[in-house]
1. Figure the gain on full extension for L771 and E153 (residue separation times 0.36 nm, minus the Cα-Cα span) and round it to one decimal in nm.
2. So which GluC sites (Glu not before Pro) in the range 387-472 pass both tests, a DSSP loop state and at most 10 other Cβ atoms within 10 Å of the Cβ?
3. In nm, to one decimal, how far is the modelled label at Q179 from the one at H490, with both set 7 Å along Cα→Cβ?
4. Largest first and in whole Å, what are the equivalent-ellipsoid semi-axes of the range 173-228 based on the Cα gyration tensor, each being the root of 5 times an eigenvalue?
5. Using 0.36 nm per residue of separation minus the Cα-Cα distance, give me the extension gain between S36 and V82 in nm, one decimal.
6. Give me the percent of Cα-Cα pairs in the range 28-130 that sit more than 19 Å apart, rounded to a whole number.
7. What accessible area per residue, rounded to a whole number of Å², is obtained for the chain using a probe radius of 1.4 Å?
8. Can you list the trypsin sites (Lys or Arg not before Pro) in the range 716-779 that are in a DSSP coil and have 16 or fewer other beta carbons within 10 angstrom?
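The values are calculated or read from the model by the stated rules, or taken from the named source; none is laboratory data. Since the structure is predicted, the reported quantities are computational estimates derived from the model, not experimental observations. A quick note on method: Cβ atoms are made from the backbone with ideal geometry, for glycine too, and the neighbour counts reach across all protein chains shown. These accessible areas exclude ligands, DNA and RNA; they are computed on the full protein's heavy atoms, side chains included. Shrake-Rupley method; radii C 1.70, N 1.55, O 1.52, S 1.80 Å.
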Amino acid sequence: MGKKVKKEVEPPPKDVFDPLLIESKEVATVVLMLDSPEEEILAKACDAIYKYASKGDENKVTLLGLGAVQRLYKLISHENPVVRRNAIMIFGIMASNQDVKKLLRELNVTSSLLSRLVPEEDVVIHEFATLCLAHMAVEYTTKAQIFEQGGLEPLISLLGSPDPDVTKNSVECIYLLVQDFQSRAAVCELNVIPPLLDLLKSEYPVIQLLALKTLEVISKDRETRIILGENQGLDHLLTILETEEFSDLHVEALAVLGNCLEDADTMQLIQQTGGLKKLLSFVGVSTVPDIQKNAAKAIARAACDSENRKILNEENVESCLINLLEIDDDGVKVAASQAISAMCENVASKRAFGLQGIPQLVQLLSSDDEEVKEAAVMALANLTTASQSNASAVAEAEGIKPLVETLNAERHGAIANAATVLTNMAMQEPLRLSIQSHGVMSVLTEPLRSTSSQVQSRAALTVAAFGCDADARSELRNAGGLEPLVELLHSKDREVRRNACWAVMVCASDELTAVELCRLGAIDILEEINQSTARRNNFSEAALERLLDNNLSQKYSQMGYLSSSNVITDGFYDYGKIKPGVKLPSLEELSMQELTDRRAIIFVSTKTQEDVLAIEEKPRRVSYELATLSPLTSRRSSREISSVRKWKGKKEEEKLKEVAEILSEVQDEINLEDAQWQPPPDYMLMNYINDASKTILPLTTTREQVVALAQFVADKMGGAIERDELHNFSWELHISEIEFELKSNVVPIGKVKKGTFCHRALLFKVIADRLGIGCSLVRGEYNRAWNEVKLVDDSPQGVTGLLLPPQEYIVDLMFVPGFLMKQGSAEADQYKYI
């Protein structure tokens, strides 16, 4: 037998470490293991960290603090697929934490993640890489990074992935990216529409929803809508709306369709295929407020195009919108009202809404929801613009009171549009009077003080619309509305300033309001506006002219000119020339001042207290006398008028008794109104006017009347003066003696017996205005003034039936009283200046 040989076992090499199984319960230890060069340890450490991070946000923060993110970042590009996969899985779930997300952005992790979205990579890597990108794409800076790094193309390619998680994450990431306009334009070029439409057929609702949301965003661009139509996208959307099973997607599908309806071509296509009718029918039967609201919003956007409005009107969209006003949801009411506003640009639609929708809109003015109120009144504003029938329909629906109340609403838009509706209604006198009876002018004082330029502008325009009525002006004046109106003249907003000028022009139609506006500084502001080429407007010039026309003392002192239409009345005074911006003191203030060495202030007054109370004793003259007492009693109340009407069926004695009672009441009112001050009566002027009436009015021609009046005035003011003796005509001494006698610089014109150019021209104008002789009054330099009259010359000799145009003449009141000098002639210029 052979001898057995024993084989010896070789010992292991001294430099090889025996395998060691480590069990660690400390996360910090596992994080340190991420630095290991061994792939197996890296894979297992990543797996453990993934499980730990999945348990909650606190664990993610802990890992962040231990430096796990930086270590993992090195591993997402590891050559070992398992290590790479596990590291990306951790990033996918940790990226939901805000602090982790911030660090990932600083590490520029998006570039590495995008490089992993290639077809040869594991589907799990695709899932968690897209999940991480979706978390990070919420931030604008990350959106920009992904776009710049070309991330859209690989994301779009993954929309066709067989894995639903990859698809979901990819479409969500794309949805977030297209919020930025650069990505929105780029996805169309990358042909994103077909894969998105395919996702609408997905069995997963969340994928369908994200696809619709993405389509809603990108379909805001016209190019996308065209591509969507070319790919039968409208059919896909209508199919979703018609399918009850997809009811949870109806709101989003409707939003996409709404974007598509903005194009006239698409709208026409939908109408031709019957899709528009289906859409409106679907909205009509739906009971979901969000669907109804989005549908109304879609109609509103589509109605921005005139062709679309025409198509919508053909499909009777008005009935659909009116029905939506009845829905018990404020959001739906707001959207429907806004759609009605948009559709009002179509005349046929405006007419249709006027017949059916106005009562519902008026009811919404009483809503507790301010947004509903604002939307409803905006619709009414558009409906009543350039439509008298709709304005009348608002009144018939009892809309006046709620509209006036809306002027006190919280929202500026509601106030502005309420003012617009009232302005539109004021174009019809019966409606204007009805609105005025609700105290609209008093209510407008607050909108005039608004901080909103839109409210200020509309309120001023409304004041202009109602200010044509004397009672309305009085109401505004008594309510303190003139002060904020004048303040608006300072506005830097062009429209506000223009409308304020318009309102001032209208309100200055009577003397009381004009004087109050002047007191508030309106003239100074208007002059400043008119001196600026950038700020002035037609209404600023007209407002200034109207103010001065109703405050002739200011006009003559400031402008030195009164036209033939500027009739001088009691209370007028010649203060002398003043510079622009200087406020003219009132006659009352001037009369209270002590005598000074300044020029005399000549005033006109032909009224006595007895004139106010004078009345004939004969009963048949009672009503006439009451109507013609004086301007002071022309402001009688309706109570007095109604009392006068009751006299007809009473006996003479009862009439006289009632006359006495009413006169007593009138006298009380006069005493209250005019207790402040009245200029003393100028009896001599009264005699002048009376004498002139008897001697001059019987003359047959205007020329004869002008000549006779000139001679009359000269006779009362010291007679004719030789030109060479003018310097010896001591009129200054005479005026000073009167001032000393009266202990005042305020002098009645009838007391002047020696008058120079300025006194004679003023007296001529005063009497001419009373006699109905048209003439102007012009102030010159150095106490010069003259009157201009227009007369028709006789036809040339031998020519009959020829009507010549009137010629302007200067009337000589000083040297040859009654001599008429043709305007522009040498003798006229000599009279005015030498």
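1. Numbers: separation 618, 0.36 × 618 = 222.48 nm, distance 9.37 nm.
Separation in residues times 0.36 nm, less the Cα-Cα distance, equals 213.1 nm.
2. When the GluC sites (Glu not before Pro) of the range 387-472 are filtered for loop state and at most 10 Cβ neighbours within 10 Å, E410 remain.
3. 4.4
4. Working: eigenvalues 66, 29, 16 Å².
In descending order the semi-axes read 18, 12, 9 Å.
5. Working: separation 46, 0.36 × 46 = 16.56 nm, distance 1.48 nm.
Stretched fully, the S36-V82 segment lengthens by 15.1 nm.
6. On the way: 1815 of 5253 pairs.
For the range 28-130, the fraction of Cα-Cα distances above 19 Å is 35 percent.
7. Values: 41130 Å² over 834 residues.
On a per-residue basis, 49 Å².
8. Values: sites: K716, R723, K743, K751, K753, K754, R760, K765, R770, R779; in loops: K743, K753, K754.
Here the trypsin sites (Lys or Arg not before Pro) that fit, given the DSSP loop and packing criteria, are K743, K753.
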